[in-house]
Amino acid sequence: MKRNVFGALMTLIVAIAIAAPMVQAQSQTIMKANVPFGFIVGSTYMPAGSYEVRALGARATVIETKDGHNRVLAMFNPAGPSKAVDETKLVFQKYGDRYVLAQIWTSTSGQGLEAPKSALEKENKLASNGTQGGGETVIVALR
């Protein structure tokens with residue numbers, strides 16, 4: 001009995017050890033960008049700097065500073081195809097002196113990802129009485 005439990009435990013440990021690098025390898029760098037301002041992703045503040053954006057699947061995306069000190073995992077929704085996706089870019093909405101990541105577009109796929117509305121965006125919409133005003137679109141082209 002103890003032998004069977006030990007064997008099952010060893011099999012599980014080996015399987016996890018093999019699977020961990022595979023999960024890391026499945027993340028794909030889709031773009032790099034220098035963002036000259038701090039910004040918000042969901043509820044996480046990210047400082048200005050050089051960033052790497054990696055896809056972990058169809059919706060999960062990791063946005064990380066080049067030095068690895070700041071990282072956020074966010075879920076995005078498909079933004080749909082666009083006729084005019086000729087560049088890879090990050091699209092931000094600016095509210096006063098604060099920026100919110102709104103979309104990620106890649107020229108290779110022609111498909112965009114759209115972030116769910118952040119608390120700041122919802123608050124701004126309420127302050128503007130439900131109208132679409134208040135935000136300014138800022139685009140950062142990627143390299």
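Each value in this text was obtained by applying a stated rule to the coordinates, not by laboratory testing. Not measured: the values here are computed from a predicted model. With ideal geometry, Cβ positions are generated from the backbone for all residues, glycine too; neighbour counts draw on all protein chains shown.
What the table below lists for this structure:
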read-out: Long-range amide H partners of Met31 with built H, under 5 Å; value: Val53
read-out: Ranked list, fewest to most other Cβ atoms within 10 Å of each Cβ, for Arg59, Arg98; value: Arg59, Arg98
read-out: Linear extension gain, Gln111 paired with Arg98, 0.36 nm per residue minus alpha-carbon span; value: 2.1 nm
